[in-house]
Amino acid sequence: MLEQSPSAWAKALDDAALARTQIDKITGTENGMTMDDGYEIQRALVARYVDRGDTIVGRKMGLTSRAKMEQMGVHEPIHGVITRAMHISDGDAVDPKRFGQPRVEPELALFLDRDLCGPTTPAEAARAVGGVCAALEIIDSRYANFSFTLADVVADNASAAGFVLGPRVRHLSDVEISNLGMVMEIDGLAVGIGSSAAILDHPLRSLAALANLVYPATLPAGTIVLAGGATAAVAIKPGQRVTLRVAELGMTQFQLLEMM
Ligand code: OOG
Ligand code: MG
């Protein structure tokens with residue numbers, strides 16, 4: 001049982017995000033907090049976004065690669081929600097004041113053409129997918145120094161803050177996505193070098209895991225799924241440009257404007 005209600009914790013996280021500040025992790029006060037509590041707080045947080053007029057456009061998987069698990073000290077995949085307000089157009093320059101302590105991750109995005117409902121396997125999940133493209137995710141923890149347990153980060157909507165989708169969308173049947181080279185650069189320096197194989201061994205395993213985690217809920221056709229970072233996340237500063245190149249899928253990029 002939580003001492004404070006899920007909606008009170010959701011408000012604390014939301015207020016921190018809006019003020020670009022951070023709070024101490026919830027498990028610091030709530031010793032008995034479970035993963036289910038985390039997802040309940042996440043639902044209350046996402047409900048606040050929707051109440052403000054934002055729209056859910058998809059889901060994200062997190063902590064699907066060994067590099068990410070080791071970086072964060074947590075060892076189980078989690079999921080969160082991505083919304084329209086988080087979308088950054090390919091090549092855009094973004095106000096750094098949108099974020100508190102942003103980090104960037106090289107990812108793939110999968111577009112669902114059909115409803116996907118668990119329990120499912122990667123091969124079955126693949127049949128629900130239409131397109132795939134290169135993607136950058138900007139994560140931003142509402143906890144000081146990204147310090148959290150699994151239940152905390154679930155409550156914080158898996159640190160979701162922004163995402164960029166590459167312009168080259170290919171049909172899943174036209175490209176083998178099991179082992180695509182991925183290179184993320186900041187201002188021309190390679191800061192993350194990996195493979196799509198780092199994403200739970202195969203990005204479609206990440207998709208199937210998502211469907212199974214949200215079961216009995218269905219992932220509706222039209223859902224965008226960020227499969228999870230292929231390397232550790234890297235902090236970004238105002239003025240920096242981030243570029244991701246993925247074999248077969250091309251490039252995507254964005255820039256943080258200088259601080260005004
Ligand atoms: C949690 C989100 C992790 C990924 O791709 O692994 C994530 C965090 O590291 O703050 O988005
Ligand atoms: Mg991610």
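The values are calculated or read from the model by the stated rules, or taken from the named source; none is laboratory data. Keep in mind that this is a model prediction, so the values were computed, not measured. Heads up, the Cβs are rebuilt from the backbone with ideal geometry, glycines too, and the neighbour counts pull from every protein chain shown. When the accessible area is computed, the model is the full protein with side chains, heavy atoms only, and any ligands, DNA or RNA have been set aside. Shrake-Rupley method; radii C 1.70, N 1.55, O 1.52, S 1.80 Å.
Just the number please: accessible area per residue for the chain, 1.4 Å probe, all protein chains included, in Å².
For the chain, the solvent-accessible area averages 42 Å² per residue.
Distance in nm between label sites at residue 55 and residue 69, each 7 Å beyond Cα in the beta-carbon direction?
Label at residue 55, label at residue 69, 3.7 nm between them.
Measure out, as a whole number of angstrom, how far apart the alpha-carbon centroids of the range 179-226 and the range 100-131 sit.
Centre-to-centre (Cα) distance: 7 Å.
What whole-number value in cubic angstrom gives the convex hull volume per residue for the C-alpha atoms of the range 102-199?
In the range 102-199, the Cα hull volume divided by residue count equals 137 Å³.
Stretch residue 237-residue 147 to full length: gain in nm at 0.36 nm per residue minus the Cα-Cα span?
Once the chain is fully extended between residue 237 and residue 147, it gains 30.4 nm.
Rounded to the nearest 500, what is the 222 nm mean residue ellipticity of the chain from helices alone, with -39500 (n - 2.57) per DSSP H run of 4+ residues and division by all residues?
Roughly -7000 deg cm²/dmol at 222 nm, from the helical runs in the chain.
Name the most mobile residue of 164, 191, 225, meaning the one with the largest mean-square fluctuation, in a Gaussian network model of the chain with Cα contacts below 10 Å.
In this elastic network of the chain, the residue with the biggest mean-square fluctuation among 164, 191, 225 is 191.
Which one of 184, 35, 61 has the biggest mean-square fluctuation once the chain is modelled by GNM with Cα springs under 10 Å?
Sorting by GNM fluctuation, first place goes to 35.
Over all directions, average the projected area of the Cα convex hull of the chain and note it in nm².
12.5
With every protein chain left in place, what is the accessible area of residue 56 in Å² (1.4 Å probe, nearest 10)?
Here the accessible area works out near 90 Å².
Using a 1.4 Å probe and counting only protein heavy atoms, arrange 176, 185, 40, 3 so the residue with the most accessible area comes first.
3, 176, 40, 185
First check a/c for the range 204-260, with a ≥ b ≥ c the square roots of the eigenvalues of its C-alpha gyration tensor; if it is under 1.5, answer rounded, and if not, answer prolate when a/b is larger than b/c or oblate otherwise.
Taking the square roots of the gyration eigenvalues as a ≥ b ≥ c, the range 204-260 is prolate.
Which one, 49, 8, 26, is farthest towards the positive end of the dipole of the range 1-56 when Lys and Arg carry +1 and Asp and Glu -1 on their Cβ?
Of the listed residues, the answer is 49.
Rounded to a whole number, what % of the accessible area of the chain do carbon and sulfur atoms account for, probe 1.4 Å?
Result for the chain: 51 percent of the exposed heavy-atom area is carbon or sulfur.
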